[in-house]
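Notes to accompany the following structure.
The values are calculated or read from the model by the stated rules, or taken from the named source; none is laboratory data. Nothing here was measured: the structure is a model prediction, and the numbers come from that model. Note: ideal-geometry Cβ built from the backbone for every residue, glycine included; neighbour counts use all protein chains shown.
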Amino acid sequence: MENKNTSRRTFIRNTGVAALGLPFLQHGIETLNKQHMESKKDKLGIALVGLGGYAGGQLAPALLQTEHCYLAGIVTGSPDKIPLWQKKYNIPDKNVYNYQNFESIGNNPDIDIIYVVLPNNMHAEYTIRGFDAGKHVICEKPMAINVADCDRMIAAAKKAGKELSIGYRLHFEPYNLEMARLGTSKTYGAIKKMEGGFGFKAQAGQWRLDKKMAGGGPLMDLGVYVIQGMCYTSGLEPLSVTATEGTKTDPARFPDVEQSLSWTFEFPGGITGNGKSSYDDSYNFLRAEAEKGDFGLNPAYNYNGQRGTTAAGVMDFPQVNQQARQMDAFALSLKNKTRSIVPGELGRRDVRYLQAIYESMATGKKVSINK
Ligand code: NAD
């Protein structure tokens, strides 16, 4: 059995979590801004593309906590949003763009990284335009709505000689990192089975429920976290999948995407992974059953408040700002000329799995997952 405190101390030392666990919230936004403006010369500039819920609610505030990057610019199709963003984040006029003049961002030395936070079907276009402008790009999950778009995005990065990273924040979250450590180090022996699910009630009338814009339903938006969780917990890639669509009890709200679905991955060594996702039911968990005990998280995928248990007891890790860690890690990788740990290739891999799940759901057959 491992010692919880030793494991936590080792974790903090190894990941630098302590450095990010500072009590930032007690400072006012203005103070943070001032500190950032003073030290931003050493930081890479990020421009957020799309100023919706995630950009405004999570990414921009996180960029007040980052050490290696800061919010330098915005790209938006909504002029009414500009004054508030400029004031709140000290963004000069010269760093404000719209979707038409976006390419001219290439001439702006303040911007090093474009962060695409648009509906899923716009990820490919804006990522490629970002590379064409000569910038590095972070693209939100899911990377794109099909593998062909992922290939075009990766090719554009290569052509530009720039890096592509995906907004996979949970790769920087202590409880999820612990799942990966416990699973891949076989702390409780070999994993036999995994289970995961992510669902919430989605309001009607948003792009997430429009197949053309979202590429699919809850699987694209939420199920992708479950897929990721199973892969980093086991350190394995699935060989095949069998998927079933859930009963559509509200066809008016879900005219062209699934309301819910479930799937079973077969991993090497006979390990199974049962996943589910829904836009009509709330759940949020990841579990592994191993030879010498189980371990899991519930909730698993939130921005904070993860809780975990193992056969040894309750997990105890500090709360961190996942988005700040994710963006800092990418900025640092650029400074150090190393690759992102969540590169475009990882996003592409997951889009392959999403497509295989949809294929199985549509055909009712087991689908092999090829490269
Ligand atoms: P949102 O609807 O709140 O924001 C979307 C933004 O895109 C808005 O500013 C909107 O004005 C803009 N937009 C431009 N053209 C548009 C069009 N034709 N239709 C609709 N909106 C248009 O969405 P969000 O929740 O911010 O999600 C944006 C992206 O971020 C998605 O890809 C989503 O999957 C991802 N996301 C990731 C996380 C995460 O934890 N990593 C969390 C939430 C969202």
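For residues in the stretch 141-152 being surrounded by fewer than 24 Cβ atoms within 10 Å (Cβ to Cβ) and touching a residue at least 24 places away in the same chain (Cβ under 8 Å), which is nearest to the ligand (Cβ to nearest atom)? Per the stated criteria, the residue is Lys141. Which members of the stretch 312-371 meet the condition of being touching a His at 6+ places or on another chain (Cβ under 7 Å), more than 19 Å from Val224 (Cβ to Cβ) and surrounded by fewer than 22 Cβ atoms within 10 Å (Cβ to Cβ)? Hits for the stretch 312-371 are Leu332, Leu334, Lys335. The test for being out of contact with any Pro (no Cβ under 6 Å at 6 or more places or on another chain), within 11 Å of the ligand (Cβ to nearest atom) and closer than 15 Å to Ser165 by Cα does not hold for Tyr54.
For the stretch 200-215, enumerate the residues that are surrounded by fewer than 24 Cβ atoms within 10 Å (Cβ to Cβ) and in contact (Cβ under 8 Å) with a residue 60 or more places away in the chain. Those that are surrounded by fewer than 24 Cβ atoms within 10 Å (Cβ to Cβ) and in contact (Cβ under 8 Å) with a residue 60 or more places away in the chain: Phe200, Lys201, Ala202, Trp207, Arg208, Leu209, Lys212, Met213, Ala214. When you look at Thr10, is it within 30 Å of Ser185 (Cβ to Cβ), part of a helix (DSSP H, G or I) and at pLDDT below 90, yes or no? The answer is yes for Thr10. Scanning the stretch 324-349 for residues being farther than 22 Å from Asn146 by Cβ and among the β-branched types (Val, Ile, Thr) gives a total of 2. How about the stretch 285-319: which of its residues are more than 15 Å from the chain's Cα centre (by Cα) and within 16 Å of the ligand (Cβ to nearest atom)? Those that are more than 15 Å from the chain's Cα centre (by Cα) and within 16 Å of the ligand (Cβ to nearest atom): Leu286, Leu297, Pro299, Gly305, Gln306, Gln319.
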